[in-house]
1. Hey, can you tell me all the residues within the range 12-25 that are out of contact with any Gly (no Cβ under 8 Å at 6 or more places or on another chain), open to solvent by less than 40 Å² (accessible area, probe 1.4 Å) and touching a residue at least 60 places away in the same chain (Cβ under 8 Å)?
2. Which of the residues spanning the range 69-105 are open to solvent by 20 Å² or more (accessible area, probe 1.4 Å) and under 23 Å from LEU49 (Cα atoms)?
3. Specify which of the listed residues (THR102, THR84) is of a type in the set (Val, Ile, Thr) and over 23 Å from PRO226 (Cα atoms).
4. Hey, could you check the range 116-131 for residues that are in contact with a Lys or Arg (Cβ under 9 Å, 6 or more places away or on another chain) and not in a loop (DSSP other than H, G, I, E, B) and say which is most open to solvent (accessible area, probe 1.4 Å)?
5. Quick check on the range 106-115: of everything there that is surrounded by fewer than 24 Cβ atoms within 10 Å (Cβ to Cβ) and in a helix (DSSP H, G or I), which residue is farthest from the chain's Cα centre (by Cα)?
6. Could you please tell me which pairs satisfy a Cβ distance under 8 Å, a separation of 6+ or placement on different chains, a first residue in the range 213-225 that is closer than 13 Å to GLU255 by Cα and in contact (Cβ under 8 Å) with a residue 12 or more places away in the chain, and a second residue that is outside any loop (DSSP other than H, G, I, E, B) and open to solvent by less than 50 Å² (accessible area, probe 1.4 Å)?
7. Among the candidates ALA196, ALA136, single out the residue that is touching a helix residue (DSSP H, G or I) at 6+ places or on another chain (Cβ under 9 Å) and either within 22 Å of ARG52 (Cα to Cα) or open to solvent by 70 Å² or more (accessible area, probe 1.4 Å) (or both).
8. Restrict the check to the range 35-54 and report whether at least one residue is modelled with pLDDT under 95, within 18 Å of GLY171 (Cα to Cα), in contact with a Pro (Cβ under 9 Å, 6 or more places away or on another chain) and open to solvent by less than 10 Å² (accessible area, probe 1.4 Å).
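The values are calculated or read from the model by the stated rules, or taken from the named source; none is laboratory data. If you're wondering where the values come from, they're calculated on a predicted model, not measured in any experiment. Note that we place each Cβ from the backbone using ideal geometry, even for glycine, and neighbour counts take in every protein chain shown. For the accessible areas, the whole protein counts, side chains as well, though only heavy atoms, and no ligand, DNA or RNA atoms are used. Shrake-Rupley method; radii C 1.70, N 1.55, O 1.52, S 1.80 Å.
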Amino acid sequence: MNVETDWPVAGTKRGAVVAPVLEVFPSIQGEGLYAGEPQTFVRLRGCPLRCRYCDTPGSWPLAGKTARVVLADGSPRREPSEATPFQVLCWAAEAEGGEPRTLSLTGGEPLLWPEFVLALAALRGERRLHLETAGAHADALARVVDHVQHVSLDLKLASTLDPPVDLAHGGPVPRTAEDWRLVRRRTLGLVRGRDACGKVVLVESTPLAELTALLDDVAVLAPELPVVLQPATAMGGERPPTGDELERAVGLALERELTVRVLPQVHRMLGVS
């Protein structure tokens, strides 16, 4: 089966809602508003974006036959990648080996699979469901935002992205700085007043004008949204910002009376996945 062309638009096969799962594993949340919290991660396959600082490029392709499920004792097991929400929750329970944790749905880009997100939310029970998204799929976010308990919304800087690729699933994505401005304004409106945060990955020599325009949008459209400035982890040819650059970025946020935090990838510092 060619997954790139065989995945149907609705994210269903043989009448069941499914998505291609890359891995399910327990770990410590390393980014955003809930950094430091033990969570169980469900990473889905597929992402059309090409962020130069991306630390999980293995999640970009849709294709893949198996999912890695890390059990509570740390041992990995392979399962078929194509999975229903019920199967994923069963794997999550095996990964936790105890009390249910918050489920962090990440990728790739989970919003390629809104039907899966909705079905997973309906089965989650009392556990929280957190969504990590690149913010490129506003229509899909609008469909699911009422059904998740937290949204970690990337606020992308177009200067840090290579051109996206076309996937046979998920629809068009922003390509230009103006495209990103328009989708950013819509997604900010969707998360306003909710349990959410906006994450901005900063690299060395981030253009101040571009960052200023982004923070202006936050200040106008979602002024209460906590903004996490995340220094890029050095990879893919990108380098983190200097201390002076970080100070300037923080100053821009404070000038707009935004709630701002500077937070590197904590899980990288802890040596966990």
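1. Filtering the range 12-25 for residues out of contact with any Gly (no Cβ under 8 Å at 6 or more places or on another chain) gives 12-16, 21, 23-25.
Checking which are open to solvent by less than 40 Å² (accessible area, probe 1.4 Å) leaves us with 13, 16, 21, 23-25.
Matches in the range 12-25: LYS13, ALA16, VAL21, VAL24, PHE25.
2. If the condition is that a residue be open to solvent by 20 Å² or more (accessible area, probe 1.4 Å) and under 23 Å from LEU49 (Cα atoms), then GLU82 is the only one that fits.
3. Details: THR102 fails: over 23 Å from PRO226 (Cα atoms).
The unique qualifying residue is THR84.
4. Keep residues of the range 116-131 that are in contact with a Lys or Arg (Cβ under 9 Å, 6 or more places away or on another chain), which gives 117-118, 127-128.
Checking the rest, the ones that are also not in a loop (DSSP other than H, G, I, E, B) come to 117-118.
Working: VAL117: 1, LEU118: 43 Å².
Per the criteria, the residue is LEU118.
5. Within the range 106-115, the match that is farthest from the chain's Cα centre (by Cα) is GLU115.
6. Between residues of the range 213-225 that are closer than 13 Å to GLU255 by Cα and in contact (Cβ under 8 Å) with a residue 12 or more places away in the chain and residues that are outside any loop (DSSP other than H, G, I, E, B) and open to solvent by less than 50 Å² (accessible area, probe 1.4 Å), the close pairs are LEU215/VAL227; LEU215/LEU252; LEU215/ALA253; VAL218/LEU188; VAL218/GLY198; VAL218/VAL227.
7. Details: ALA196 fails: either within 22 Å of ARG52 (Cα to Cα) or open to solvent by 70 Å² or more (accessible area, probe 1.4 Å) (or both).
The match here is ALA136.
8. Within the range 35-54 (the criterion being modelled with pLDDT under 95, within 18 Å of GLY171 (Cα to Cα), in contact with a Pro (Cβ under 9 Å, 6 or more places away or on another chain) and open to solvent by less than 10 Å² (accessible area, probe 1.4 Å)), the answer is no, since none of the residues qualifies.
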